[in-house]
1. Can you say whether Ile18 is aliphatic (A, V, I, L, M), more than 21 Å from Cys65 (Cβ to Cβ) and part of a helix (DSSP H, G or I), as far as the supplied structure shows?
2. State which residue pairs qualify: first residue within 13 Å of Met1 (Cα to Cα) and among the small types (Gly, Ala, Ser) and inside the range 30-57, second residue part of a helix (DSSP H, G or I) and modelled with pLDDT under 95 in any location, beta carbons under 7 Å apart, and separation of 6 or more residues or different chains.
3. Please give the number of the condition Thr64 fails out of (1) at negative phi; (2) surrounded by 12 or more Cβ atoms within 10 Å (Cβ to Cβ).
4. What number of residues within the range 49-64 are of a type outside the set (S, T, N, Q), in a strand (DSSP E or B) and more than 17 Å from Gln8 (Cβ to Cβ)?
Amino acid sequence: MKEILNLQKLAYQSEAAIYNDYGIPPLVQTLGGLQEEAKNSIILKAVEDRKIVGSVRAFGNDGTCYIGKLIVHPDYSF
């Protein structure tokens, strides 16, 4: 979980810079907050050479799948 949180904070730096707001939820989420979120979500990860390079979260509600926090390591972005 810690590796996903670290990647999240790295991946959202560019969005924070665009809005000049480094207090956006993905940057201030704690490990405990992520662990709580994981109780009600499915968290997928993309791994290359034993390193997490991407992740996405999803949860269902009333027959709808909600996708959130799609993150990709900046070195793997296009």
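1. Numbers: aliphatic (A, V, I, L, M): yes; more than 21 Å from Cys65 (Cβ to Cβ): yes; part of a helix (DSSP H, G or I): yes.
Here the answer is yes, as Ile18 does meet what is asked.
2. Gly54/Tyr76
3. It is condition (2) that Thr64 fails.
4. Taking the range 49-64 first, the residues of a type outside the set (S, T, N, Q) are 49-54, 56-60, 62-63.
Next, only the ones that are in a strand (DSSP E or B) stay: 51-54, 56-60.
Pick out the ones that are also more than 17 Å from Gln8 (Cβ to Cβ) and you get 60.
Of the residues in that region, 1 qualify.
The values are calculated or read from the model by the stated rules, or taken from the named source; none is laboratory data. Computed from a predicted structure; not experimentally measured. Please note: Cβ atoms are built from the backbone with ideal geometry, for glycine as well, and neighbour counts cover all protein chains shown.
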